[in-house]
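See structure below.
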Amino acid sequence: MVSYGASIYTMMFLLAFTFALAGDIVHHDDVAPTRPGCENNFVLVKVPTYVDGVENSEYVGVGARFGPTLESKEKRASHTRVVLADPPDCCSKPKNKLTSEIILVHRGKCSFTTKANIAEDAGASAIIIINNQTELFKMVCEDNETDVNIGIPAVMLPQDAGTNLEKHIRNYSIVSIQLYSPHRPLVDVAEVFLWLMAVGTILCASYWSAWSAREAAIEQEKLLKDASDEYVSTENVGSSGYVEISTASAILFVLFASCFLVMLYKLMSYWFVEILVVLFCIGGVEGLQTCLVALLSCFRWFQDAAQTFAKIPFFGAVPYLALAVTPFCIVFAVIWAIYRHASYAWIGQDILGITLIITVLQIVRIPNLKVGTVLLSCAFLYDIFWVFVSKWWFHESVMIVVARGDKSGEDGIPMLLKIPRLFDPWGGYSIIGFGDILLPGLLVAFSLRYDWLAKKNLRAGYFVWAMTAYGLGLFVTYVALNLMDGHGQPALLYIVPFTLGTFISLGIKRGELKILWSRGEPKRACPHIQGDHQSLDT
């Protein structure tokens, strides 16, 4: 599919995002100063509110470096009345008498610990500080402060949430709240399903790629046997059916992907995400169409439509079956784009994403282990750099910021698979970037093509080992993700050593590394015909 080369590389750039993410609920901060009495992690806090005894809105705040830790269970968090501070900044002793109420104060004029100490001395059971901006701010202890042994919890709310609470209280309503910070479960079923989706996608794509390679080899045998005039050389047969990555293009891909990522980071905005959505829909339509045509072609009723062609301007010869399914694919993608903010939109996004990945893995191939090693090694460094090292230059993780769609007003970019966390009290999604499936998938698909063309059984081949290594690498990624309290992880940091290390080690042990490294998939110069088929010698 040489004519599709540009669009394929465009789709590969869309698939270049490589990370696993579950949403932060615990915020470790090595920059904010810590010392005894001021060493809490920054945890998100649920703040359900009740107005005149009726349940109202629920807000999310962030706990301070200082003070006691909050209750993790909602049923153990008491309903406590909220009162306004007088003066509002709580930088001096409140005029109103407190009897274990929660005091609501404004940020400013004095330090956070000063406010907390004054509130505690006045008899408050907790202090809620309203930020002067819509986002949350991490409350820390100043370097010169000595009285940081504070005995009441301190929580910050965003400006809009605090304003709403203040409005209800000024309207003489009785406002009470709960403060608790629930723990995320060690493992959520969403991660299990996401693991199955990633492994299943590579499994399907690998078998499709290997089947196509074997069919091309059989067709090549027939051409040689019949001495067909259409046959020119074994190197050209089937070359129009896929794009082969070279060592240079593997390096350039990672370099251009880095430039693309920085561009997204710098230009991230609502309209730019809209452009990405359009590009994703175009790629998703092509992927869904390709997979549907291949699937329906397996049924006898659709084989005639798949084997007869209509000549379309610009596109050339197109199977009638492809023309028939294209309107459905376009409508599917458009409906997803319109309703992509709905709670169920992740289903359509995953369908478009999986079919896009399978299509790319079917069309794009690595010719040998050398190219696969270069590609995955560069991707390994790319992943680590843009998730971890980029914080030194940009003061935040570029990959994570782009993935979450910060500064864009969106929930995130569409180039990822995601599943809602069903049993997580914080909600959110478990996420994996397309690149974590596509890039290792190229190596796994190569292993199965090699096994089939070399006529190796499962035990003597490489595919089972490569597929198992990928599954283990992804499993370790999710273990690390949970150990880091949901912080985004560079998945290729774990997947590449497992897959590439297993492949190379096995090749060395079997004495086949030289063949895998330079020649890759078995090819023949002068085959020996045995009936309609022949052995494919390595």
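Kirkwood's formula applied to the C-alpha pairs of the stretch 279-357 gives a hydrodynamic radius of 13.2 angstrom. Centre-to-centre, using Cα atoms only, the stretch 419-476 and the stretch 35-108 are separated by 46 Å. Scaled against the 2.2 N^0.38 Å expected of a compact globular protein of N residues, the Cα radius of gyration of the stretch 403-484 reads 1.46. Just tell me which lysines come within less than 21 Å, Cα to Cα, of LYS109; anything on the same chain fewer than 8 places away is out. Counting by Cα, and skipping residues close in sequence, LYS109 has these lysines nearby: LYS93, LYS95, LYS138.
Using 25 Å as the Cα-Cα cut-off, could you pick out the over-long pairs in LYS73/LYS391; LYS370/LYS509; LYS75/LYS167; LYS455/LYS514; LYS222/LYS456? Flagged as over cut-off: LYS73/LYS391; LYS75/LYS167. Across the stretch 128-191, the volume of the C-alpha convex hull divided among the residues equals 195 Å³ per residue. With a ≥ b ≥ c the root eigenvalues of the C-alpha gyration tensor of the stretch 159-212, is it rounded (a/c under 1.5), prolate (a/b larger than b/c) or oblate? Judged from the Cα gyration tensor, the stretch 159-212 comes out prolate (a/c at least 1.5, a/b above b/c). With a/c under 1.5 counting as rounded, go ahead and sort the stretch 363-435 into rounded, prolate or oblate using the C-alpha gyration tensor (a ≥ b ≥ c being the square roots of the eigenvalues; past the cut-off, prolate if a/b is larger than b/c, else oblate). Note, shape of the stretch 363-435 comes out oblate.
Expressed per residue, the C-alpha convex hull volume of the stretch 315-422 stands at 182 Å³. Scoring 53-60, 386-393 by mean Cβ neighbours within 10 Å over their residues and listing the highest first yields 386-393, 53-60. Summary value for the stretch 384-502: 19 percent relative contact order, contacts being C-alpha pairs under 8 angstrom separated by 6+ residues.
When Rg is the radius of gyration of the Cα atoms in the stretch 39-96 and Rh is its Kirkwood radius, what does Rg/Rh come to?
Radius of gyration over Kirkwood radius for the stretch 39-96 works out to 1.01.
Bear in mind that the values in this text are calculations on the coordinates, not laboratory data. It should be emphasised that the depicted structure is a prediction, and the values quoted were computed from it without experimental measurement. Positions of Cβ are generated from backbone atoms using ideal geometry, with glycine treated the same way; all protein chains shown enter the neighbour counts.
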